[in-house]
Amino acid sequence: MADRTIKNPHKLLRAEVQVPGDKSLSHRALLLAAIAEGDSVVTGLGPGADVQSTVTALGQLGVTITDEKIRSPGIANWSTPDAPIDCGNSGTTMRLLAGVLSTSSVQATLVGDASLAGRPMHRLVEPLRVLGGRIETSPEGTAPLAVGGVNDARGGSVTIEVASAQVRSAFELAALNASGPSTIDSPAGFRDHTERWLNAAGRGEWTSATAFTVRPGPIAPARYDIPGDPSSAAFLWALAAVQPGAEVLTPTISLNAGRLGFLQILEKMGAEVEAVVTGDVGGDPIGNVVVRGRSLAAVDISGDLLASALDEIPLVAVVGVFAEGITRVSDASELRVKESDRIASIAAMIRALGGGIETTDDGFEVVGTGFLEGGVVETDRDHRIAMAAAVAALTADGPVTIRDADVAAVSWPGFYETLAMLW
Ligand code: S3P
């Protein structure tokens, strides 16, 4: 696997970057287009390996995806795959597809790479079984998952304890195939992309601020124009935020509230943030974001704010180094079961670069020392750690070597090339 060394030439960031298509929306557009019978169009699909895992999986079910066109026989006519479906590194592919298949007549086995094979899937079991769905995990509650082969799914209601968009979406997509309406509730802070698109498709509505009821029935073929990914833009926002006088503009990205926690954190720390809604895709807001660097102060992050910044917490640690005081992150035990144990890998990254950080069971405290020395970062083959390390590298005094840096291609192939052009 390819390591990469970045030496910071100390140049001020001033840039406008159209980041690649949003990963969460790409998975959902592909799945909804595949559930529908007929031809759908998806533009701006995320280019990363995770989205490709969903494309390949749908191919095994008889869905044809060429360029921007998705041709599906409809979920009722999907083929039974003749081999296990490999979801690669993609938790979203595995969880959402497990949901869709659990209440369908198609029987399939879902597998993943070494990281995905260790991630918790038992959280899907109870919600999907409430609908009469079939899902079986390993004794450890992980993949491989055996799903589907069901013709009598029924409506039901669940409340889940984690603000997980993946579990919510798995349930909601499974509920399309039930015999009656179904409702799911959870704590706040989740990205509500699936709910917004099901609502736009006439297949459900909010029954409280956090509870959504799905009305079962078909999905029509549609056109999905995917905006840029705020979780990719976040690397550029972080770079701008830590350099007083720097500025980055990221046009046309998803501005779903469940994705904006990191921008709120940067603003609380003292960065200048402008987010302007310019339109929507299926009722899900999109728009332009400008971040300008200012001197930063430490903040405490927990609760709903944490949930809506979950994927950006590696960056919170890097930015925290440049914020005066101690930045505290708590309520983040979900980070222990991401592509790596991110609490451990974040701490190892900051320490390897000469920063000060202490971990807790559900978070960490990072000291605003104001500088990073450089060093060698083990990424645990986690894309968001590798990419956060690249941001750290561009703010560090000495060179930074990122082990297995190529893992960035999971979400953003070409990430380092984009950085190099800006720097
Ligand atoms: C995602 C939801 C989040 C997020 C993941 C993508 C999605 O996971 O961390 O990167 O597209 O639904 P959880 O729902 O497990 O919190």
Inset, instruction - Considering only lysines 8 or more places apart in sequence, or on different chains, count the pairs in the chain whose C-alpha atoms sit under 26 Å apart. - result: 4
Inset, instruction - Could you give the size of the charge dipole of the chain about its Cα centre, using +1 on the Cβ of each K and R and -1 on the Cβ of each D and E, expressed in debye and rounded to the nearest 20? - result: 440 debye
Inset, instruction - With an 8 Å cut-off on Cα pairs and a minimum separation of 6 or more residues, tell me the relative contact order of the chain in percent. - result: 17 percent
Inset, instruction - Go ahead and collect, in residue order, the members of region 320-343 whose backbone nitrogen is under 15 Å from a label point 7 Å along the Cα-Cβ direction of A297. - result: 323-328
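Can you pull the Kirkwood radius for region 23-225, inverse mean 1/r over Cα pairs, to one decimal in Å?
16.4 Å
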Inset, instruction - First select every other residue whose beta carbon is under 12 angstrom from the beta carbon of T159; then total the charges, Lys and Arg +1, Asp and Glu -1. - result: -2
Legend entry - Diffusion coefficient, µm² s⁻¹, Stokes-Einstein with Kirkwood Rh over alpha-carbon pairs of region 288-423 at 25 °C and 0.890 mPa s: 164 µm²/s
Inset, instruction - Report, as a whole number in µm² per second, the diffusion coefficient that Stokes-Einstein gives for region 164-321 at 4 °C and 1.567 mPa s using the Kirkwood radius over alpha carbon pairs. - result: 78 µm²/s
Inset, instruction - Provide the FRET efficiency to the nearest 0.05 for the S157-A200 pair, computing r from the beta carbons and using R0 = 25 Å. - result: 0.65
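Counting pairs of alpha carbon atoms under 8 Å apart in space and at least six apart in sequence, what relative contact order in percent does region 23-225 give?
Across region 23-225, relative contact order equals 20 percent.
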Legend entry - Dimensionless Rg ratio for region 260-333, taking C-alpha atoms and the 2.2 N^0.38 Å reference: 1.17
Legend entry - Cα centroid separation, region 207-259 to region 120-157 (Å): 28 Å
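Per DSSP helix of 4 or more residues, -39500 (n - 2.57); summed, then divided by the residues of the chain. What does that give at 222 nm, rounded to the nearest 500?
The helix-only estimate for the chain comes to -9000 deg cm²/dmol at 222 nm.
Roughly speaking, what is the stretch gain from T64 to D82, that is 0.36 nm per residue apart minus the C-alpha to C-alpha distance, in nm to one decimal?
Gain on stretching T64 to D82: 4.8 nm.
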Inset, instruction - Compute the Rg/Rh shape ratio of region 1-69: radius of gyration over Kirkwood radius, all on alpha-carbon atoms. - result: 1.17
Inset, instruction - Take each of the peptides 282-288, 236-242, 101-107, 114-120, average the number of other beta-carbon atoms within 10 Å over its residues, and list them starting from the highest. - result: 236-242, 101-107, 282-288, 114-120
Inset, instruction - From the C-alpha gyration tensor of the chain, pull out the three semi-axes of the equivalent ellipsoid (sqrt of 5λ each), sorted largest to smallest, in whole Å. - result: 36, 21, 20
Inset, instruction - Within 10 Å, count the other beta carbons around each residue, average over each peptide in 291-297, 339-345, 10-16, 20-26, and list them highest first. - result: 20-26, 339-345, 291-297, 10-16
Legend entry - Alpha-carbon centroids, region 33-112 and region 347-398: separation in whole Å: 36 Å
Legend entry - Average accessible surface area per residue within region 23-225, 1.4 Å rolling probe, Å²: 36 Å²
Inset, instruction - Quick one: P(r) of region 62-152 from all Cα-Cα pairs, 5 Å bins, percents rounded to integers, in order of increasing distance. - result: 3, 15, 24, 24, 18, 10, 5, 1
Inset, instruction - With a 10 Å radius around each residue's Cβ, average the other Cβ atoms per peptide and rank 365-371, 317-323, 143-149, highest first. - result: 317-323, 143-149, 365-371
Inset, instruction - For R223 and A209, compute 0.36 nm times the residue count separating them, minus their Cα-Cα distance, and round to one decimal in nm. - result: 2.3 nm
Inset, instruction - Would you work out what percent of the accessible area of the chain, with all protein chains in place, is carbon or sulfur (probe 1.4 Å)? - result: 50 percent
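The values are calculated or read from the model by the stated rules, or taken from the named source; none is laboratory data. Predicted model only: the values in this text are computed from it and were never measured. With ideal geometry, Cβ positions are generated from the backbone for all residues, glycine too; neighbour counts draw on all protein chains shown. The accessibility values were calculated without ligands, DNA or RNA, using every heavy atom of the protein model including side chains. Shrake-Rupley method; radii C 1.70, N 1.55, O 1.52, S 1.80 Å.
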